[in-house]
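One structure is given below, encoded as structure tokens.
The values are calculated or read from the model by the stated rules, or taken from the named source; none is laboratory data. All values derive from a computational prediction rather than experimental measurement. Here Cβ is always computed from backbone atoms with ideal geometry, including for glycine, and neighbour counts include all displayed protein chains. Keep in mind that these areas ignore ligands, DNA and RNA; they rest on the heavy atoms of the full protein, side chains included. Shrake-Rupley method; radii C 1.70, N 1.55, O 1.52, S 1.80 Å.
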Amino acid sequence: MNSLMQGGSEGVRRFPDGFIWGVGTSSYQIEGAVSAEGRGPSIWDTFTHTPGRINRGDTGDIACDSYNRLEDDVRLLSDLGVDAYRFSVSWPRVLPTGSGAINQPGLDYYRRLVEALNESGIRPVLTVYHWDLPQALEDRGGWANRDTAKRLGELAAVLADALGDQVSTWVTINEPLQTVQQGYRTGTHAPGLADLELAAAATHHILLGHGYALQALRAALPSAAIGPAMDPQPFVALDAAVEHVALALDAEYNRVYMDPVFRGSYPADLDGDLRPPEALILDGDMELISAPIDFFGLNYYRPHHLRSGDWDDLRDGERPVAGHPGAVYYVAPEIQCTVMGWPIVPNGLRDLLIRLHEESRGLPVYITENGCAADDYLTPEGTIDDQERVDYIHGHLLAVLQALDAGVQVAGYFHWSLMDNFEWAEGYRRRFGLHYVDFGTGRRIPKRSAHFYGRVARTGELPSSPAALDGEPQAEALPEASAAV
Ligand code: IFM
């Protein structure tokens, strides 16, 4: 059935049968319990405890305390009504030094989680690597060291062996762009380095890590669905004079990660400083990286609009494009931005989905992340009226429907995030959750958006307007959990 055909009530749009509705989180952002039961230190423990790195000095030491609230969080997912939960494994919780000896209590935690999810009818979608590299591997060079890629394959093999009977959908790596860009080029994320040579090496090795993880999972679990999650950023030229800049940025931020996976090569037009040196690319590497995948995981938040502009006379909404004099990033006044300063452009998601469909020759795509931060607050009545998040979700789901109508195989949508959590360098001040977290008590409270999204997930139908559910009662907050935060 055409997804834009009307459903039972007027203006309602229906998603295809079998479309997967999910939410996502990642280990360091929610688990806390950083020294519990044998977990080793990660680069994020080191980074957050380095003064000046994180807003207000926040750390993930406690975060949402999900390590101690597993049952509560599974109940939250169940109450929400989603089909699937995308979470990541903390590498140092399972392999405290990154390799070798397994920390059984750490592995048992994930075993309990995936069993509880399956018992609740929620499909576990496991991300092997979402940024919390064991510090012991960083001490040996981190992603600039080829061995780290092999160690990721080792972790994937351990997880496949321990959890493979419970998990059928696997994401190898999350957003290699951010690992390289923020971890090795700007230094705004762990390990906090700003070194182009290391960044070029890390580019190749994180992709190789995907390759080794894919190989290990495929060998152990021949019928599992496996793919990477990436965050290609659309660069849109608003005038012809900056088209070449948009193309260069597309190579630098997007094709450098996608081409190796889809085509087995780095883009020919990639700037020399960013290109992994030939000496690092060994025989067989590109075959490993481009081995068949079952889906592409797309994380979409925002596009970048570019136009010609005078760096010495920047106008409202303009910011220079580093390395490209005469080109500026531009946000038109009619485009709203989230509190992160990210423009809200749902059509960017539609266009990206169509592009991916073409570049991957029709591979199924999961939207593995999409969401927005907002200045959410608890009203005296105990509700969180995040209408802007509801609007955001509505707009982006309409874009997904348009992509489906254009023939893109969109297999599912995972909202980021299940709950407010540790937003990396921003700490806790940026709330992305469908559930509000009171970081003093750990209490989770469904926001208006949880109510809205849950309804969409349960019915598979998008109402004609984001206000359509107004007047319906909001879900109950979970009682304060017993574990102290
Ligand atoms: O919170 C992050 C997530 O860890 C990776 N993708 C983007 C999200 C929002 O910044």
Subject >> Qualifying trypsin sites (Lys or Arg not before Pro) for segment 82-140 [loop in DSSP, other Cβ within 10 Å: at most 16] >> reply: R140
Original post:
What nm distance separates the two modelled labels at D161 and W311, each placed 7 Å from Cα along Cα→Cβ?
Top reply: 5.4
Original post:
Say the dipole of segment 173-300 comes from +1 at the beta carbon of Lys and Arg and -1 at that of Asp and Glu; which of A199, A224, T179 then lies farthest toward its positive end?
Top reply: A224
Subject >> Sequence-distant residues sharing a close amide H with A327 (under 5 Å, placed H) >> reply: G309, V321
Original post:
Efficiency by 1/(1 + (r/R0)^6): what FRET value for D195 and S35, r their Cβ-Cβ distance, R0 = 30 Å, to the nearest 0.05?
Top reply: 0.50
Subject >> Positive-end residue of G440, T169, Q336, charge dipole of the chain with Cβ unit charges >> reply: T169
Subject >> Charge dipole (debye, nearest 20) of the chain; +1 at Cβ of Lys and Arg, -1 at Cβ of Asp and Glu >> reply: 660
**OP:** Determine by what factor the alpha-carbon radius of gyration of segment 217-259 differs from 2.2 N^0.38 Å, reporting the quotient.
**Re:** 1.77
Subject >> Loop trypsin sites (Lys or Arg not before Pro), segment 341-416 (other Cβ atoms within 10 Å of the site Cβ: 16 or fewer; DSSP) >> reply: R361
**OP:** Starting from the Cα of Q387, step 7 Å along the direction of its Cβ; do the same at D438; then give the gap between the two resulting points in nm.
**Re:** 2.6
Subject >> Mean Cα-pair separation over length for the chain, i.e. relative contact order, pairs under 8 Å, 6 or more apart, % >> reply: 17
Subject >> Inter-centroid distance (Cα atoms) of segment 445-459 relative to segment 226-250, Å >> reply: 32
Subject >> D271 versus S120: modelled label distance in nm, points set 7 Å from Cα along the beta carbon direction >> reply: 4.5
Original post:
D376's amide H: which non-local residues (gap 5+, or another chain) put their own amide H closer than 5 Å, with H modeled 1.01 Å from N in plane and none for Pro or chain starts?
Top reply: R431
**OP:** Over the chain, with every protein chain in place, what whole percent of the accessible area is carbon and sulfur at 1.4 Å, could you tell me?
**Re:** 49
Subject >> Leading residue at positive end of dipole, the chain (Cβ point charges), from L314, G371, I62 >> reply: I62
Subject >> 222 nm mean residue ellipticity, helices alone, for the chain (DSSP H n ≥ 4; -39,500 (n - 2.57); rounded to 500) >> reply: -10000 deg cm²/dmol
Subject >> Length released on extending from R146 to A241, taking residue separation times 0.36 nm less the Cα-Cα span >> reply: 30.2 nm
Subject >> Cα-based radius of gyration of the chain once divided by 2.2 N^0.38 Å, which approximates compact folds >> reply: 0.93
Original post:
Does segment 203-281 come out rounded, prolate or oblate, given a ≥ b ≥ c as the square roots of the eigenvalues of its C-alpha gyration tensor, rounded meaning a/c under 1.5 and, failing that, prolate meaning a/b above b/c?
Top reply: oblate
**OP:** Give me the number: length gained by fully extending E461 to T50, i.e. 0.36 nm times residue separation minus the C-alpha to C-alpha distance, one decimal in nm.
**Re:** 143.3 nm
Original post:
Cα centroid distance between segment 395-443 and segment 337-376, in Å?
Top reply: 11
